[in-house]
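This report refers to the structure that appears directly beneath it.
The values are calculated or read from the model by the stated rules, or taken from the named source; none is laboratory data. Please read all numbers here as calculations on a predicted model, not as lab measurements. Quick reminder, even Gly has a Cβ in these numbers, built from the backbone with ideal geometry, and neighbours come from all protein chains shown.
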Amino acid sequence: MKKLLEIDQCTVQFGGLKAVSDLDFSIHENELIGLIGPNGAGKTTVFNLITGVYRPTTGDIRFEGASVVGRPPYRITARGIARTFQNIRLFSSMTVFDNVRAACNMHLHHGISHALWRGAAFEREEKEVNRTVSELLEIFHLQHLREAPSTGLPYGDQRRLEIVRALATRPKLLLLDEPAAGMNPTEKDELMRLIRFTQEKFGLAVLLVEHDMKVVMGICQRIAVLDYGIKIAEGTPQEVRSNPKVIEAYLGDTDA
Amino acid sequence: MTKTGSRIGPKTWLLIAALISFGISLFEKRIDPYFHDIIISIGINIILGVGLNLVNGYTGQFSLGHAGFMAVGAYVFAAITAFIGPGAIAALGGGTLAGLSLYVVALLAGGLGAGLVGLMVGVPSLRLKGDYLAIVTLGFGEIIRVVIQNADAIGGPRGFSVTHLLGAYFFPTFLCAALCVYVVVLLVHSTYGRGFLTVADDEVAAEAMGINTTKYKVIAFVIAAFFAGIAGGLYTNFKEYIHPEGFNFLRSVDIVVIVILGGMGNTPGVIAAAVLLTILPEGLRYVAGWDFLSPQMQQIAGNRMLLYSILLIILMLTRPQGLFTRRSRLRKSL
């Protein structure tokens with residue numbers, strides 16, 4: 001399988017604190033990978049690293065073979081990496097529809113002059129965007145809520161909307177930051193189905209940060225475990241589950 | 001997809017607005033000069049408010065130096081009128097067509113000059129957020145004013161007197177106002193324009209969705225500056241005398257108040273606020289003259305500026321989302 005994302009010996013250091021140390025990590029096309037670890041292990045730091053919010057102090061990050069270090073976040077999204085956020089960050093002043101529509105900006109051909117002149121090319125592209133957004137909303141059962149203010153939606157729907165919005169950027173790699181947070185068991189089951197469905201339908205690679213072990217073990221093909229910024233284990237759910245180092249990281253030493 | 005959903009497209013609306021303006025302008029000479037002044041001021045304030053609304057309202061930035069761009073437009077227009085004017089008109093054969101051509105050139109030059117200054121100010125400043133951006137734009141507004149004040153060739157502290165290039169005021173002013181509204185509304189409601197709103201809502205999320213937030217901030221800033229420059233030129237042609245103090249920080253605050261009162265990111269609201277806030281100081285002058293009020297009331301109304309300020313405070317306390325916003329939504333950045 002082709003390597004999509006490659007994190008090469010990356011360290012993220014804030015003053016004296018190493019949030020992430022010498023991380024080696026790869027994601028291949030169409031993989032569903034989990035990233036777990038106790039609180040403060042550096043999982044969201046890794047997300048921010050990949051999406052360009054943080055710059056690695058040392059090391060390199062390559063996406064489809066080309067380095068993305070130093071690129072601003074919007075350029076990294078253009079390369080094909082999209083994300084959702086731990087605390088839902090929808091565009092609060094806009095409707096459900098416009099939230100997804102705004103994410104289509106990246107792939108637009110038209111600009112200011114077209115928007116002002118409103119010629120045939122503009123109308124065609126707007127129709128196209130409308131169609132794309134409507135289709136996406138339909139697939140995720142949000143079309144009936146399209147005109148609702150995005151923040152007025154129930155929590156689970158908001159999480160789903162964030163995923164739809166990220167998909168509108170046509171990513172090859174989707175980063176999901178604790179998507180199951182705050183959900184009850186039924187919602188979590190639904191989420192697991194949704195993630196698997198999304199991955200298959202759109203042919204994506206997915207990197208999932210999650211605390212809920214049932215979700216992670218249930219859908220991930222491979223799991224990496226972080227503790228204090230260091231990768232302590234990587235492997236299939238079976239391997240990770242029975243790895244003594246992982247157990248120690250989560251539960252502590254038996255002699256404590 | 002037209003926003004209104006009606007058969008009449010936006011370009012047709014613009015044409016209708018232009019025709020109505022032209023129709024009304026035919027009666028321009030018959031209007032009492034006092035009302036005429038107020039009406040032209042309304043038009044100019046609409047341009048300033050709607051332009052700034054793109055920056056402060058839709059894009060969620062905090063610019064406090066808008067009068068500076070108006071000053072650039074005003075002085076570029078005045079300079080062209082005074083220094084190139086007579087020569088150019090003579091070269092073009094004199095007559096109204098020559099005057100009109102130079103007027104259009106001077107107005108556009110004012111707008112472009114202001115837009116250029118907007119670019120120079122915007123690119124370094126727009127990385128800053130909230131209060132910091134406010135102070136920097138305030139600073140730049142003052143720098144522009146002080147530079148003008150020390151430029152003797154364009155009058156400096158004495159101000160600058162010019163003769164009008166065009167004897168018509170109503171039509172150009174309201175045509176430009178209609179154009180300004182057209183540009184801002186059409187831009188913001190396109191998919192491209194939704195980008196401005198994302199910058200206001202959540203910059204981190206916007207960047208993650210592939211939107212270059214700095215580019216949008218600069219574009220909004222430059223467009224607003226351009227229209228402020230046009231407003232400056234219109235003002236100069238009308239008043240025939242400009243002075244750096246007329247473009248000071250207080251003038252910038254006036255425009256910000258129009259945007260806030262209208263509701264940030266609410267163009268019809270901002271237009272209504274521009275009308276209201278232009279009329280209000282003058283209206284209070286009238287109230288002071290109402291004989292059926294007791295002398296004390298008349299005196300209070302006579303303290304127009306005091307009353308005006310108190311009214312603004314009351315409005316901010318009771319309706320901070322703006323007079324005309326239907327959904328109550330406070331801007332986080334403020």
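A compact table of results
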| item | result |
| --- | --- |
| Enumerated helices (runs of 4 or more DSSP H) restricted to the stretch B:70-172, each holding at least 2 residues that are within 21 Å of B:Asn45 (Cβ to Cβ) and hydrophobic (A, V, I, L, M, F, W, C) | B:95-125, B:130-149 |
| Residue match in the stretch B:38-50 (condition: closer than 22 Å to B:Leu102 by Cα, of a type in the set (A, V, I, L, M) and in contact with a strand residue (DSSP E or B) (Cβ under 6 Å, 6 or more places away or on another chain)) | no |
| Meets criteria (of a type in the set (A, V, I, L, M, F, W, C), in contact with a Lys or Arg (Cβ under 7 Å, 6 or more places away or on another chain) and without any contact (Cβ under 8 Å) to a residue 60 or more places away in the chain) for B:Val257 | no |
| Counted residues, the stretch B:109-149 - those being in contact (Cβ under 8 Å) with a residue 12 or more places away in the chain and of a type in the set (Phe, Trp, Tyr) | 1 |
| Test for B:Thr278: is it at pLDDT 80 or above and more than 22 Å from the chain's Cα centre (by Cα) | no |
| Leading residue by the ranking (surrounded by the most Cβ atoms within 10 Å (Cβ to Cβ)) among those in the stretch A:112-156 that are in contact with a Phe, Trp or Tyr (Cβ under 8 Å, 6 or more places away or on another chain) and without any contact (Cβ under 8 Å) to a residue 12 or more places away in the chain | A:Ala115 |
| Subset of the stretch B:41-51 (residues that are surrounded by fewer than 23 Cβ atoms within 10 Å (Cβ to Cβ) and among the small types (Gly, Ala, Ser)) | B:Ser41 |
| Selection within the stretch A:173-201 - among the hydroxyl-bearing types (Ser, Thr, Tyr) and either buried (at least 16 other Cβ atoms within 10 Å of the Cβ) or within 17 Å of A:Ile27 (Cα to Cα) (or both) | A:Thr198 |
| Qualifying residue in the stretch A:159-167 (condition: out of contact with any Pro (no Cβ under 8 Å at 6 or more places or on another chain), of a type outside the set (Lys, Arg) and more than 14 Å from every other protein chain (Cβ to nearest Cβ)) | no |
| Enumeration of residues in the stretch A:59-91 that are facing chain B (nearest Cβ under 8 Å) and crowded, with 18+ Cβ neighbours inside 10 Å | A:Pro73, A:Tyr74, A:Thr77, A:Ala82, A:Arg83, A:Phe85, A:Arg89, A:Leu90, A:Phe91 |
| Residues of the stretch A:63-93 that turn out to be touching a helix residue (DSSP H, G or I) at 6+ places or on another chain (Cβ under 6 Å), among the small types (Gly, Ala, Ser) and under 24 Å from A:Glu178 (Cβ atoms), as a count | 2 |
| Residue selected from the stretch A:92-111 under the condition more than 7 Å from chain B (Cβ to nearest Cβ) and within 18 Å of the chain's Cα centre (by Cα), by the criterion surrounded by the most Cβ atoms within 10 Å (Cβ to Cβ) | A:Asn99 |
| Filter result for the condition that a residue is away from chain A (no Cβ under 14 Å), surrounded by fewer than 13 Cβ atoms within 10 Å (Cβ to Cβ) and either among the aliphatic types (A, V, I, L, M) or closer than 27 Å to A:Val129 by Cβ (or both), over B:Ile20, B:Ile38 | B:Ile20 |
| So A:Gly34, is it in a strand (DSSP E or B) and surrounded by 19 or more Cβ atoms within 10 Å (Cβ to Cβ) | yes |
| Subset of the stretch B:96-107 (residues that are in contact with a helix residue (DSSP H, G or I) (Cβ under 9 Å, 6 or more places away or on another chain) and either in contact (Cβ under 8 Å) with a residue 24 or more places away in the chain or over 23 Å from B:Thr173 (Cβ atoms) (or both)) | B:Gly99, B:Leu102, B:Tyr103, B:Val105, B:Ala106, B:Leu107 |
